[in-house]
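Data block below; observations after.
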Amino acid sequence: MNGCVKALTRVMLGSALILGAALPVLAEGEVRLKSRVVLRLAGDARMSAEERAQIVQRQVDAALQSHLPAGRLRAVSIKGGIVLAWGEQRLCTVDGLQAKANNTTVKALAAAWLRNFREAMKDGYLSVSPQRVVIPVGEARRVRVSGVAEGPIESAVDGRGLEVSPADDALTLRASAPGTFRVTLTREGSSVSFPVIVKEWAGYVPDQVHCAVTGNPAGRALLELAALQAARRAVQAKPGATVTLKAGPAALAILGVGADATIRMPLLIEGKDYFPVDKTLEVILHNENVSVAQPTQLMVSNRPEKVDTDGILFAGKVNSNQPARLLYSHLNGNGRDQYLWVNLTNRGDRPVKVLVIQGDGGPAREELYVGHRCNTRFLEDWQARQGLIVTIPPMKAWELGRYELAPRELVSGLCHLQVLEGESLDVSVETSASGVGVAMDRLIDAPFNPFRIHPRGIFRDPNIVVDQKYVVGETTEFNIPFGRAPWLIDGTSGEPNTGNYGVLYEVKLEVSNPTLQPRKVQLFFEPINGVALGSFLVEGKLMETNCLKPPARGLISTVDVAPGQNRTIRILTLPQAGSHYPARIVVESPIQETHRESGGT
């Protein structure tokens, strides 16, 4: 350095030196590593601070032009001071003059200057942050560019579908197609490359969706089901992606007729090679005032009961002027999983609005309890007229049910279907060993067997009203049978619905107590043809029995009748899948409060 290194620099300490500040001009005695001040030098009578700074600046610039790495910055002790060097390039010498000007020692000052150089070079010549970028299709990301290299940034991308826009010390990346790209930047002779991965979104979640229910009032379970159904219809997931509800829908306890409510559902859609979608869907619920009509036809899908092949188990149609009740009950007879779909399909050119009141049970292996659970759910919702209101677009289908059945598991369902607007809907029960719905055109054949009660077909007028009178004291026991012949007959095949499964019995029991004493009238469920469970709505209250085997009977309810009182007790029940019918309701009014119950609730 021709002896000039002896009287060099003074590091600016404290507030006098702000590392990283971009100063527009070279101040007296300052040495910079590009825009960052790393030293400020002291002068003496032999050489001014500015002259010394110019000499050291040339040494620093020469090292930069050689693209020497920051790891080669070092301090070397010599006689009379410490030399700072960058590889073989000497930068300056820290001596007593510079140490005195900074009120420190030569060793401490050399360490401080070396730290300044290394700090200025922490991002190297050219660096980006982040060093790996993941972008969803259609989105943009900003990448920070740093390092001591300056000037225009040139960019190159190995592929199509990614646009790179440099600006000052940043890049904007815009993705238009999925893929893996490598972006290379060049600036003042330095280069850096980094990967950019562009992924498709895992799916789509709208901001909000509207859905309607009915019920007087609509209860929490229905509101949560409606929100889940609305989310399932509105959310779209890419093949292989999964949709997760991060927290259960927090619905109101009830929603009155004509009222609205909002349920917020935090959803996550994710899958391999997809960009995750994490969004909250707002479901706006409206309780619509609907006049629920009695069904005029009963659709039954119960044959074959055991399913071991793919195909259509049942096909029917519900028209605008013919509300229907659908009963389906099937068991997986395969040694592997089997899937069951219940679909409503609009094959017309206009939307169809339909009311669905549904109860189901399973999948499970306990046949009696699957049918029982189905009945109790349906009876409660039918009593409150609680249901979903769904609008199905033209040439679209809506899944009324989708079940995955393990071997020997079965499922049962009861549905009220009422077209509110539009023409008609096709109703189908389909099965497949595949986990996705498949196009089917084969109706699974299963001949009628009079010795096995597995009905299939479409039956008219599935509502039977029974008017009976019971006078306390005139008779000890009074029977009301149901599920017995005459049975409903399929209009096409002529086959009976043996047991009248899915038929709603409404019993209007007129009870009179002509005595001078208050009496208790007891209602029992008594199966006749085999093991059965019973479910009843008595005066609007759900009552259930245990599993009973003839000749056992189970208590349904006890009704108090005052002296001289006449009252009508309304009872609703349906023969339920899995149980054996016929059966009967036994009415008793013993003087002593005893009965021969065995297996009641």
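Just so it is clear, none of the values below were taken in a lab; they were calculated from the coordinates. None of the values given here were measured: they were computed from a predicted structure. A quick note on method: Cβ atoms are made from the backbone with ideal geometry, for glycine too, and the neighbour counts reach across all protein chains shown.
Assign unit charges at the C-beta atoms only (+1 for Lys and Arg, -1 for Asp and Glu), then state the dipole size of the chain relative to its Cα centre in Debye, rounded to the nearest 20. Spell out each step's value before the answer.
Details: 66 positive and 61 negative charges, 512 e Å.
Dipole magnitude for the chain comes out near 2460 debye.
For the chain, what is the calculated [θ] at 222 nm in deg cm²/dmol (nearest 500), taking -39500 (n - 2.57) for each run of four or more DSSP H residues and dividing by its residue count?
On the way: 5 runs with 71 residues, N = 601.
When only DSSP H runs of four or more count, the value is -4000 deg cm²/dmol.
Order by neighbour count: Lys107, Lys246, fewest other Cβ atoms within 10 Å first, most last. Don't jump to the answer; show the numbers that get you there.
Numbers: Lys107 14, Lys246 10.
Listed from fewest to most nearby Cβ atoms, that is Lys246, Lys107.
Looking at Leu410, Thr573, Gln468, which one has the Cα that reaches farthest to the positive end of the dipole of the chain (charges on Cβ: Lys, Arg +1; Asp, Glu -1)?
My answer, from the dipole projection, is Leu410.
Under a no-solvent Debye model with one identical scatterer per Cα of region 297-460, what's log10 I(q)/I(0) at q = 0.12, 0.18 Å⁻¹?
These q points yield log10 I(q)/I(0) values of -0.50, -1.15.
Compute, for region 310-382, the length of the dipole vector about the Cα centre, with Cβ point charges of +1 (Lys, Arg) and -1 (Asp, Glu) only. Units Debye, rounded to 20.
Working: 9 positive and 8 negative charges, 59 e Å.
The calculated dipole for region 310-382 is roughly 280 debye.
Among Ala261, Ala202, Asn343, whose Cα lies farthest out toward the positive end of the dipole of the chain, if unit charges sit on the beta carbon of Lys, Arg (+1) and Asp, Glu (-1)?
Ala202
Under the rule of at least 5 residues apart or a separate chain, name every residue whose amide H is placed under 5 Å from the amide H of Glu506.
HN-HN under 5 Å from Glu506: Ile464, Val465, Val466.
R0 = 60 Å: FRET efficiency of Glu477 with Asp426, Cβ-based, nearest 0.05?
Values: r = 48 Å, r/R0 = 0.80.
It comes out at approximately 0.80.
Once you sort the root eigenvalues of the Cα gyration tensor of region 316-386 as a ≥ b ≥ c, which label holds: rounded (a/c under 1.5), prolate (a/b larger than b/c) or oblate (the other case)?
Details: a/c = 3.02, a/b = 1.38, b/c = 2.19.
It is oblate, given that a/c is not under 1.5 and a/b is not larger than b/c.
Between the helical axis of 49-65 and the dominant principal axis of the chain, each derived from Cα atoms, what acute angle in degrees is found, rounded to the nearest 10?
50
Looking at Val183, Ala485, Ala53, which one has the Cα that reaches farthest to the positive end of the dipole of the chain (charges on Cβ: Lys, Arg +1; Asp, Glu -1)?
Ala53
So who's got an amide H within less than 5 Å of the one on Ala364, skipping anything under 5 residues away but keeping other chains? H placed 1.01 Å off N, in plane.
Close amide H contacts, sequence-distant or interchain: Leu410.
Calculate, for Ser193 and Ile284, the FRET efficiency according to 1/(1 + (r/R0)^6) with r their C-beta to C-beta distance and R0 35 Å; round to the nearest 0.05. Please report the intermediate quantities before stating the final value.
On the way: r = 49 Å, r/R0 = 1.40.
Calculated transfer efficiency: 0.10.
Largest first, please: the extent of the C-alpha atoms of region 463-588 along each principal axis, to the nearest Å.
55, 28, 25
List the residues, sorted by chain then number, that are 5 or more residues from Ile569 or on another chain and whose placed amide H is less than 5 Å from its amide H.
Long-range HN contacts for Ile569: Leu509, Glu510, Val511.
Specify the inter-centroid distance of region 557-591 and region 80-102, based on alpha-carbon positions, in whole Å.
107
For a bin width of 10 Å, list the pair-distance distribution of region 204-287 built from all Cα-Cα distances, rounded to whole %.
That works out to 19, 48, 23, 8, 1, in percent per bin.
Using Cα atoms only, what is the angle between the long axis of helix 106-120 and the major principal axis of the chain, expressed in degrees (0 to 90) to the nearest 10?
50
Under 8 Å for C-alpha pairs, at least 6 residues apart: give me the relative contact order for the chain, rounded to a whole percent.
Numbers: 1576 pairs, mean separation 55.7, N = 601.
Relative contact order of the chain: 9 percent.
In degrees, nearest 10, range 0 to 90: what is the angle between the Cα axis of helix 367-384 and the longest Cα principal axis of the chain?
The angle comes out near 90 degrees.
When the Cα centres of region 194-227 and region 378-420 are compared, how far apart do they sit, in Å?
Cα centroid to Cα centroid, the span is 19 Å.
Just to be sure I understand, if you calculate semi-axes √(5λ) of the Cα gyration tensor in Å for this structure, which of (1) 87, 27, 20; (2) 48, 31, 19; (3) 93, 22, 20 do you get?
Of the labelled values, this structure produces (1).
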